[in-house]
Amino acid sequence: MKIIVLKFGGTSVGSIKRIKKVAGIIKSYAKKYNVIVLSSAMSGTTNNLINMSKNISESFSDREYDTLVSAGEQISCSLLAGQLIEKGMKSRSWMAWQIPIVTEGQHKYSRIKVINKVKILKYLKSGGIPIIAGFQGIDKKLNITTIGRGGTDSSAIMFAKFFKADRCIIYTDVEGIYTTDPNKLKTAKKIKNISYEEMLEMASLGSKVMQPHSIQDARLNRINIEVKSSFVNKPGTFITKRKNIINNKIITGISSTDNDAKVTLIGVKDRPGIAASIFKPLSKNSINVDMVVQNISSNGKETDLTFTIKSYDLIKTKKILNNNKNITFKKLIFDKNVSKVSIIGVGMVTTPGVTFRMFQALAEKKINIQVISTSEIKISVLINRSNITKAIKCLHKEFNLE
Ligand code: ADP
Ligand code: ASP
Ligand code: MG
């Protein structure tokens, strides 16, 4: 029999009622496939665990963080396996260490390297349905690790890879991938097919429906994904190779973030190496710098430098900049009320004038653009957070996504 991987997100297993519904979905596949299930923690559980760690310390030990936050999946997996057993099926839960799922990299942000297939294959052959804890792994020294928020998407893709699954279905609380977050814009439309490249950009630029790493892994391993709802039985969205898609739209989707912060250094020396001196200690402290602009220096001596980071890194960034002996500046300015809105689409590669249309549409709504960054298939702008809904709405209309 062919193998299918089914992943259920937090809302899909968010209550006993939901778990019963999900067990029904699993049962419907079990007649035709060997089913491997990956489950997230019940919605809210991971956040609660993280909050508890924060109540102890904002710099809670990374190792203990992983042991703590991986606990959520243990609860949902045992409940789900228990429900399947109750329905007369053979099932059991599997934690990462029992398989094992081996990860590499630092705590909190590890990546799955190897999944040992032996026990799971044997279990599948015996007619069992393994319910596997997503998000977690173990490292070479047997420490429990986690693979980043939303990581069960990656766990599912990696199981599909290692077990050469026929299909990988991501069950979630919306009907698929939409042109923009359907919970933020009512007129958002479900997309039938989307390329890995576009999905990767959308996920990286704030569409949390899929974890970015999972799309990278799916693309590298050519794993076709279907994203669909565990609430209603309707066709979802296929994430697949560009070649498989016929799309006459210039823009496929719009993403936005709500946790960016803007940092401006006024009056830094305008000489070679200065940007490196600013960013080196930030990178050493794992602070991800996103958009960067440097003004031209009017007097040839000094300039202003603006960049964006995640707002949760702001306090750390401030400290690092103020303690940096290799740079001087006149003033440091922060703005936590910014958001990045991005338009994404492979169609823009061959269509001139997309940037102009985006800027004009925003200007007509009197939305000021603070920073711009582009790649081949996306344009991002930083704007005041209060304008985000207005911006998404007008861009959605401008590029005929309704
Ligand atoms: P799960 O718990 O199933 O992993 P997530 O909360 O991680 O679910 O992701 C689903 C959510 O992603 C949706 O409820 C929706 O609000 C949000 N989302 C953001 N952008 C999009 C988009 N373009 N299409 C669909 N959902 C999106
Ligand atoms: N439970 C983890 C989280 O909330 C992993 C996941 O849901 O995919 O981030
Ligand atoms: Mg998710």
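The values are calculated or read from the model by the stated rules, or taken from the named source; none is laboratory data. Computed from a prediction, not measured in an experiment: that's the story for all the values here. Here the Cβ is made from the backbone with ideal geometry for all residues, glycine too, and neighbour counts use every protein chain on show.
Quick notes
- Flag if VAL341 is closer than 30 Å to ASN247 by Cα and surrounded by 20 or more Cβ atoms within 10 Å (Cβ to Cβ): yes
- Within the option set LEU38, LEU6, LEU84, LEU80, being in contact (Cβ under 8 Å) with a residue 40 or more places away in the chain, more than 16 Å from ligand 1 (Cβ to nearest atom) and either in contact with a helix residue (DSSP H, G or I) (Cβ under 9 Å, 6 or more places away or on another chain) or among the hydroxyl-bearing types (Ser, Thr, Tyr) (or both) holds for one residue only, LEU84.
- Among residues of the stretch 159-188, those that are near ligand 1 (Cβ under 10 Å from one of its atoms) and over 18 Å from the mean Cα position of the chain (by Cα), counted: 2
- Across the stretch 256-269, not a single residue is classified as assigned to a loop (DSSP other than H, G, I, E, B) and over 30 Å from THR355 (Cα atoms).
- Subset of the stretch 223-257 that is farther than 20 Å from GLU201 by Cβ and out of contact with any helix residue (DSSP H, G or I) (no Cβ under 9 Å at 6 or more places or on another chain) - its residue that is surrounded by the most Cβ atoms within 10 Å (Cβ to Cβ): LYS228
- Qualifying residue in the stretch 360-377 (condition: within 25 Å of ILE246 (Cα to Cα), touching a residue at least 40 places away in the same chain (Cβ under 8 Å) and crowded, with 19+ Cβ neighbours inside 10 Å): yes
- Qualifying positions in the stretch 125-150 - surrounded by 24 or more Cβ atoms within 10 Å (Cβ to Cβ), over 21 Å from ARG92 (Cα atoms) and within 16 Å of ligand 3 (Cβ to nearest atom): THR146, ILE147
- Looking across the stretch 37-59, the residues that are at negative phi, within 16 Å of ligand 3 (Cβ to nearest atom) and either assigned to a loop (DSSP other than H, G, I, E, B) or not hydrophobic (A, V, I, L, M, F, W, C) (or both) come down to SER39, SER40, ALA41, MET42, SER43, THR45, THR46, ASN47.
- Those residues of the stretch 370-388 which are under 18 Å from LYS336 (Cβ atoms) and either β-branched (Val, Ile, Thr) or in a helix (DSSP H, G or I) (or both), in sequence order: VAL371, VAL381, ILE383, ARG385, SER386, ASN387, ILE388
- Among the residues of the stretch 209-222, just one is away from ligand 1 (no atom under 13 Å from the Cβ) and buried (at least 24 other Cβ atoms within 10 Å of the Cβ), namely ALA218.
- When the stretch 70-95 is filtered for residues that are in contact with a strand residue (DSSP E or B) (Cβ under 6 Å, 6 or more places away or on another chain) and either of a type in the set (Val, Ile, Thr) or in a strand (DSSP E or B) (or both), the ones remaining, listed by number, are ILE85, SER91, SER93, TRP94.
- Taken over the stretch 223-246, the criterion of being over 23 Å from LEU401 (Cα atoms), within 19 Å of the chain's Cα centre (by Cα) and at pLDDT 95 or above is satisfied by ILE223 alone.
- ILE278 vs. criteria within 30 Å of THR187 (Cα to Cα), in contact (Cβ under 8 Å) with a residue 12 or more places away in the chain and touching a strand residue (DSSP E or B) at 6+ places or on another chain (Cβ under 8 Å): no
- Subset of the stretch 140-166 [out of contact with any helix residue (DSSP H, G or I) (no Cβ under 8 Å at 6 or more places or on another chain) and of a type in the set (D, E, K, R)]: LYS140, LYS141, LYS164, ASP166
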